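Peer 1: To start, I am sharing the structure in question, which I have written as structure tokens.
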Amino acid sequence: MVKRKISRKKFLTTTVCTLAGLRLFSGEAPPGLSASRSVGKTGLKVSPICFGAPRTNEESLIRYAVDKGLNFIDTGRSYGNGNNEKLVGSAVGKIRDKVVIQSKIRLDPDELPSGGKGRKGAAEIKNALGSKLEASLKALNSDFIDILLYHDASDENLLFHDEVMKFFDGIRRSGVIRAGGFSTHNDFMNLHERNNKERIYDVIMVPFNHKGSFVHSVTGRYSEWDQSRLIEILKEAGEKGIGVIAMKTCSGGMYAPSPGDEPSYREAVRWVVQHSFISSAAVAMANFEQVDEHVSWLL
């Protein structure tokens, strides 16, 4: 076990971007765009692009990405039935303290026969989360996880259940995780709004791209959102010290910063990263060419 040391519509129009108080960049990366970023007030510093591990089965690809400057890796307990965590753990075992790993766990309905109600419900939540955390630590071959998220949150009552909040707070205080948070889709902006008010979770992960929509690569489900509303929510989160990790960054398709430019996924991710409230943009990479494409402006 590694011991802890306390150590991705074609593009938004100029009018929309102006209203959002943003600036679109083209050409070479502007000063500061490629620099490491703080994940809210967690004390963690990460590359502006996060290596999304779920689409690879190659340890060498993960190590290649790290060698190219991507120190942030995203995985999850449900990816490959836990095998993706094992892959990540094995790939970075010798350099664990040089990377920031983000993983995810969640509660499934069949694990909560009491629906989270009463003492029995609280015990079910505690036991299920504890068991999954233990499995994640073992798979990652590490005694700590930098960022642990409640995966695909949708139920506000469950995400903000006393026992769930107590669980995340306890493992953060104990040092088993350095930061706790949740991922969710944009049907549930209320979760981010509540977290902005109460500041329970340190980190949020949310779909964010230039198009304001995506088609899920596995289920085929179409999702779109009110881009202006989302930007305001995420800006507030950033101002309050909450780390914001973007996902589905390439799912809106290629992007061209100006009419004469060639659209690319590289530019789609740069559109995301240019927003000051984004701590990092997660990009699922499946081959070395994709890594090269996305790190080309970081070097």
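Peer 1: Quick one: residue 148 ticks every box in (1) loosely packed, with under 14 Cβ neighbours inside 10 Å; (2) within 20 Å of the chain's Cα centre (by Cα) bar one, so which box is it?
Peer 2: All conditions are met except number (1).
Peer 1: Now a separate question. Here are the criteria: (1) under 25 Å from the mean Cα position of the chain (by Cα); (2) modelled with pLDDT of 95 or more; (3) open to solvent by 20 Å² or more (accessible area, probe 1.4 Å). Tell me which single one residue 99 does not satisfy.
Peer 2: (3)
Peer 1: For residues in the stretch 178-200 being open to solvent by 10 Å² or more (accessible area, probe 1.4 Å) and outside any helix (DSSP H, G or I), which is modelled with the lowest pLDDT?
Peer 2: Ranking the candidates gives 185 first.
Peer 1: Kindly indicate which of 177, 204 is closer than 14 Å to residue 130 by Cβ and within 16 Å of the chain's Cα centre (by Cα).
Peer 2: Details: 204 fails: closer than 14 Å to residue 130 by Cβ.
The match here is 177.
Peer 1: When the residues of the stretch 151-175 are filtered to those that are touching a Lys or Arg at 6+ places or on another chain (Cβ under 7 Å) and surrounded by fewer than 16 Cβ atoms within 10 Å (Cβ to Cβ), which remaining residue is farthest from residue 50 (Cα to Cα)?
Peer 2: Only one residue tops the list, namely 156.
Peer 1: Let me ask something else. I need a count of the residues in the stretch 201-232 that are at pLDDT 95 or above, part of a strand (DSSP E or B) and among the β-branched types (Val, Ile, Thr).
Peer 2: Here the count works out to 3.
Peer 1: Another question about this same structure. Please name all residue pairs, on different chains or six or more residues apart, with Cβ atoms under 8 Å, provided the first residue is in the stretch 103-129 and is at positive phi and the second residue is assigned to a loop (DSSP other than H, G, I, E, B).
Peer 2: As it stands, the answer is 116/161, since those pairs meet every condition given.
Peer 1: Moving to a separate point now. Kindly list the number of the only condition in (1) within 18 Å of residue 46 (Cα to Cα); (2) touching a Ser or Thr at 6+ places or on another chain (Cβ under 9 Å) that fails for residue 99.
Peer 2: Checking residue 99 against (1) within 18 Å of residue 46 (Cα to Cα); (2) touching a Ser or Thr at 6+ places or on another chain (Cβ under 9 Å), the one that fails is (2).
Peer 1: Mind listing whichever residues of the stretch 130-156 are part of a helix (DSSP H, G or I) and within 18 Å of residue 202 (Cα to Cα)? Full working, then the answer.
Peer 2: Our first condition is that a residue be part of a helix (DSSP H, G or I); within the stretch 130-156, this holds for 130-140, 156.
Passing the criteria: 133, 156.
Peer 1: While we're looking at this one, here's another question. Of the residues 90, 103, 78, 47, which is under 12 Å from residue 141 (Cβ atoms) and hydroxyl-bearing (Ser, Thr, Tyr)? Quick ask: steps written out before the conclusion?
Peer 2: Working: 103 fails: under 12 Å from residue 141 (Cβ atoms); 78 fails: under 12 Å from residue 141 (Cβ atoms); 47 fails: under 12 Å from residue 141 (Cβ atoms).
Answer to the check: 90.
Peer 1: Restricting the search to the stretch 203-218, which residues are farther than 13 Å from residue 246 by Cβ and either small (Gly, Ala, Ser) or crowded, with 24+ Cβ neighbours inside 10 Å (or both)?
Peer 2: 213, 217
Condition check ((1) modelled with pLDDT under 95; (2) under 15 Å from residue 171 (Cβ atoms); (3) more than 18 Å from the chain's Cα centre (by Cα)) across all residues:
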{"residue": "113", "(1), (2), (3)": "no, no, yes"}
{"residue": "122", "(1), (2), (3)": "no, no, yes"}
{"residue": "127", "(1), (2), (3)": "no, yes, yes"}
{"residue": "130", "(1), (2), (3)": "no, yes, yes"}
{"residue": "134", "(1), (2), (3)": "no, yes, yes"}
{"residue": "141", "(1), (2), (3)": "no, no, yes"}
{"residue": "144", "(1), (2), (3)": "no, yes, no"}
{"residue": "155", "(1), (2), (3)": "no, no, yes"}
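The values are calculated or read from the model by the stated rules, or taken from the named source; none is laboratory data. Since we're looking at a predicted model, the values are computed, not measured. Neighbour counts are summed over all protein chains in view; Cβ atoms, including those assigned to glycine, are modelled from backbone coordinates with ideal geometry. These accessible areas exclude ligands, DNA and RNA; they are computed on the full protein's heavy atoms, side chains included. Shrake-Rupley method; radii C 1.70, N 1.55, O 1.52, S 1.80 Å.
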